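Report on one structure; see the data block that follows.
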Amino acid sequence: MRGRIFHIGQLRPPLIILATLLLGACLQQTYHPPHAPAAPRHGMVVAGHPAAADIGVQIMQAGGNAFDAAVAVQFALAVAYPGAGNLGGGGFAVLHTDTGATAALDFRETAPAKSHRDMYLDSAGAVIPRASLDGALAVGVPGSVDGMARLHDRYGKLPWSRLLQPAIDLARNGVELTAREAHKYNRYREAFLTLNTTPPPLVRFDRPWQAGDTLKQPELARALESIRKLGRNGFYRGELADRLAAGIRRAGGLVSEQDLQNYRAVWRQPVNGSYRGYQIHSMPPPSSGGVALLQLLQAVEPYPIADWGSHDTRTIHLLTEIERRVYADRAAYLGDPDQVDVPVKKLLDPDYLKQRMADISPDAKTDSDDIGPGQLPPAESLETTHFSIADSAGNAIAVTTTLNSTFGSKLMVPGTGFFLNNEMDDFSSKPGVPNQFGLVGSEANAIAPGKRMLSSMTPTIVEKEGKPFLVLGSPGGSTIITSVLQVILNIIDHRMPLQEAVNAKRVHHQWLPDRILAESGALSPETELTLKALGHVIVTRKSIGQVNAIEIAPDGTLSGAADVQRGDNQSAGF
Ligand code: DON
């Protein structure tokens, strides 16, 4: 009953050959088994792991709505995709209900009460390398479980326990590893062993992990059972919370029992804007994603990029110059709105943006500062995960959730079964000193007790005539915002079909470091030469973002596009 995406890594060798022969260039297209409707209209899930996408569909087939499915998918990702899916992290959601209302849910981590602005500096005032990235001191107070409880309280239809059960079963019975997951667990083995006194279940002692191996996580199953039974209190109070806080303390971290008890996810108003007649609803601060996306779209709107083409020199140069200015604003002005004044209205004011973009020249890049390779983000892989869900009643939800780095702090408190985030690195440890994404910050994003660290996550819903048209978002740290931007432009301006819009090669600029990141093959040799002549520095990266998107046609038909070229993403619809 599901439209599925073929994953080459999941197919056995003879099937790989067969699939390659049969599907050829169509490999990235949605594959509908013969008995499935060609155009799903009941429900669609596009998520970072096939098992999670399937669970989301099963929940809707059992009578759940898109929000029930979102809760089940979040918990399933914590089991099947532990590098980014999580109990020990946080995230953001933007949703649209069947009554036409929109809302934004902030389940971002917070800084522990004992944190302070200079906690990652040594006595000479220098940033201590990796202190905000590895181990217990990097951990912010997790938000995902409270976020899901709040989402369910307000919008859920099925019982809470029904939404936890598939993840519990997956943890107990085991999840079959994709090639990517197996490779990743092997790659992080040393880090797991160095940063934990008790090896997490992802460490294998007999031989390396291989695709097709089964990973069982009984301790994680027990944590999920506690949450199934007691709701948020099964995580933030009682036995699991005590174990967690004691373990973090023992490992030198600051998150306490009190911090866990005090954690609250927050409902917020999405930031809204329009672009060429479409309405955009996205994540407000403490994510920079929505504000930056709306600034970018407003700044692009006067230009005929549809005539220029998606990867034309003029388009890339324009996007780069606009992104340079928007990311500079991000660094100066954005932070947790509950602790600092974030001038959202001013940043989105059309007159301000017009003046801000006025000095863009078509003939030269603005600033030719020499940027050395030392400023590039580290090669460490970075994972977050985004899922998009829509149902037939008109509900839709875009959720981006993360541990920050892959496996977060890599710390797993013994007996808990899940990794803890290293989201503290998203604060500005010291003004002007870049974090792992090369992003710099200022006072607005300085560490303070209880404060939420600035994010780039951009869960977004685009409406056409008041109805959801696109549901999308992406991982990718600082590149999240520009990945979402490019998919929107590909669809609205460049008229690409959804899957093509997701597959298309991406480019990115974030003010500092001053260089264009481009996926291999994104720029033709001529375009690259012309951009260099304009003064741009170009750095190639294998992959930027992983956009999981849904398009909803006016007749209610649901199309899912998973970013299958860049990750184990899958769409499933019925
Ligand atoms: O909130 C943020 O912007 C980051 N913590 C997201 C991290 C991320 O996307 C990692 N990678 N793919």
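What the table shows:
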read-out: Single condition residue 491 does not satisfy, out of (1) open to solvent by 20 Å² or more (accessible area, probe 1.4 Å); (2) part of a helix (DSSP H, G or I); (3) of a type in the set (A, V, I, L, M); value: (1)
read-out: Filter pass, residue 279 being in a helix (DSSP H, G or I), under 25 Å from the mean Cα position of the chain (by Cα) and either under 22 Å from residue 115 (Cα atoms) or away from the ligand (no atom under 16 Å from the Cβ) (or both); value: no
read-out: In the range 94-151, the residues that are among the acidic types (Asp, Glu) and assigned to a helix (DSSP H, G or I); value: 146
read-out: From 242, 259, residue being buried (at least 21 other Cβ atoms within 10 Å of the Cβ) and of a type in the set (D, E, K, R); value: 259
read-out: Among (1) in contact with a Ser or Thr (Cβ under 6 Å, 6 or more places away or on another chain); (2) open to solvent by 40 Å² or more (accessible area, probe 1.4 Å) - the single one residue 250 does not satisfy; value: (1)
read-out: Residue within the range 290-302 that is modelled with pLDDT of 95 or more and surrounded by fewer than 19 Cβ atoms within 10 Å (Cβ to Cβ) present; value: yes
read-out: Any hit, the range 183-194, residues being open to solvent by 10 Å² or more (accessible area, probe 1.4 Å), β-branched (Val, Ile, Thr), over 22 Å from residue 133 (Cα atoms) and modelled with pLDDT of 95 or more; value: no
read-out: Criterion (surrounded by 18 or more Cβ atoms within 10 Å (Cβ to Cβ), at pLDDT 95 or above and not in a strand (DSSP E or B)) met by exactly one of 531, 512, 517; value: 531
read-out: Some residue of the range 197-208 being open to solvent by less than 50 Å² (accessible area, probe 1.4 Å) and part of a helix (DSSP H, G or I); value: no
read-out: Among residues of the range 55-93, those that are outside any helix (DSSP H, G or I) and either aromatic (Phe, Trp, Tyr) or touching a Cys at 6+ places or on another chain (Cβ under 6 Å) (or both), counted; value: 2
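The values are calculated or read from the model by the stated rules, or taken from the named source; none is laboratory data. Remember, it's a predicted structure, so these values are computed and weren't measured experimentally. So basically every Cβ, Gly included, is an ideal-geometry build from the backbone, and we count neighbours across all protein chains shown. Note: areas computed on protein heavy atoms with side chains; ligands, DNA, RNA excluded. Shrake-Rupley method; radii C 1.70, N 1.55, O 1.52, S 1.80 Å.
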